[in-house]
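Structure first, then comments.
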Amino acid sequence: MLHDGAHRMHHDIERILFTESQIAQRVRELGQQISQDYEKLLGEKIFREPPIAVGLLRGAVIFLADLARAMPIPLELAFVAISSYGMSSSPGELRVVKDLEVPVAGRHILIVEDIVDTGQTLAHLQELLNARHPASVKICALLDKTPRRARAVKLDYVGFTLTEDAFVVGYGLDYAERYRNLPYIAALKQSAITT
Ligand code: 5GP
């Protein structure tokens, strides 16, 4: 039954870290701040060449959907998907499984990511985009999870900082493709992790 399924999903949650209303409030603040910064940077040019918000599939989809609607400026949306090569490879080996479909030379790019952990994914994407000579690249991450950072990446905008090494789900973040549709961000119970 659908009701039992919904109940089950919430049952797997250990602890809510950020509630739906805390997230909504923070996303509004980020949207305002980022918009003001681009207005200052671009002036009237913002109408001819709006910034491009580049979301990482699939985790950043829900965050980007809300963030974009909190940004009262001209904005284009684009998506990339990056994946690590199989289980046996080192975590540094990443490949682009879905590339941008628009040229970004001379454009202002805002990378929108769900969570930054080691920093490998963002460092890789930054290198890839910089090689295409955009006018600027900024990063907005909903969550900055600091304990396992291996590559230094400059995060221009951060929603929340996580100083504990917890595995979190919800608001776009998954475990085995599930829990992305939870409206809050939470740590999973150990019993829900089947590996
Ligand atoms: P990084 O390359 O920074 O180590 O990892 C970034 C990616 O790892 C994120 O886009 C996300 O897919 C995944 N990731 C890292 N930590 C978590 C977490 O706590 N929960 C979930 N669901 N994914 C995570």
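Listing for the model above:
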{"item": "Residues located in the range 98-116, provided they are of a type in the set (Val, Ile, Thr) and within 13 Å of the ligand (Cβ to nearest atom)", "result": "ILE111, VAL112, ILE115, VAL116"}
{"item": "Matching residues in the range 109-146 - criterion: being in contact with a Gly (Cβ under 9 Å, 6 or more places away or on another chain) and not β-branched (Val, Ile, Thr)", "result": "GLU113, ASP114, GLN120, HIS124, HIS133, PRO134, ALA135, CYS140, ALA141, LEU142, LEU143, ASP144"}
{"item": "From the options VAL102, VAL137, residue that is within 20 Å of PRO50 (Cα to Cα) and surrounded by fewer than 17 Cβ atoms within 10 Å (Cβ to Cβ)", "result": "VAL102"}
{"item": "All strands (runs of 3 or more DSSP E) inside the range 117-195 with 3 or more residues being within 12 Å of the ligand (Cβ to nearest atom) and in contact (Cβ under 8 Å) with a residue 40 or more places away in the chain", "result": "185-188"}
{"item": "Qualifying residue in the range 188-195 (condition: at pLDDT below 95 and surrounded by 15 or more Cβ atoms within 10 Å (Cβ to Cβ))", "result": "yes"}
{"item": "Subset of the range 79-97 (residues that are modelled with pLDDT of 95 or more and open to solvent by 60 Å² or more (accessible area, probe 1.4 Å))", "result": "PHE79"}
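The values are calculated or read from the model by the stated rules, or taken from the named source; none is laboratory data. Model, not experiment: these values are computed from the prediction. Neighbour counts are summed over all protein chains in view; Cβ atoms, including those assigned to glycine, are modelled from backbone coordinates with ideal geometry. Note: accessible area is taken over every heavy atom of the protein model, side chains too, but ligands, DNA and RNA are not part of it. Shrake-Rupley method; radii C 1.70, N 1.55, O 1.52, S 1.80 Å.
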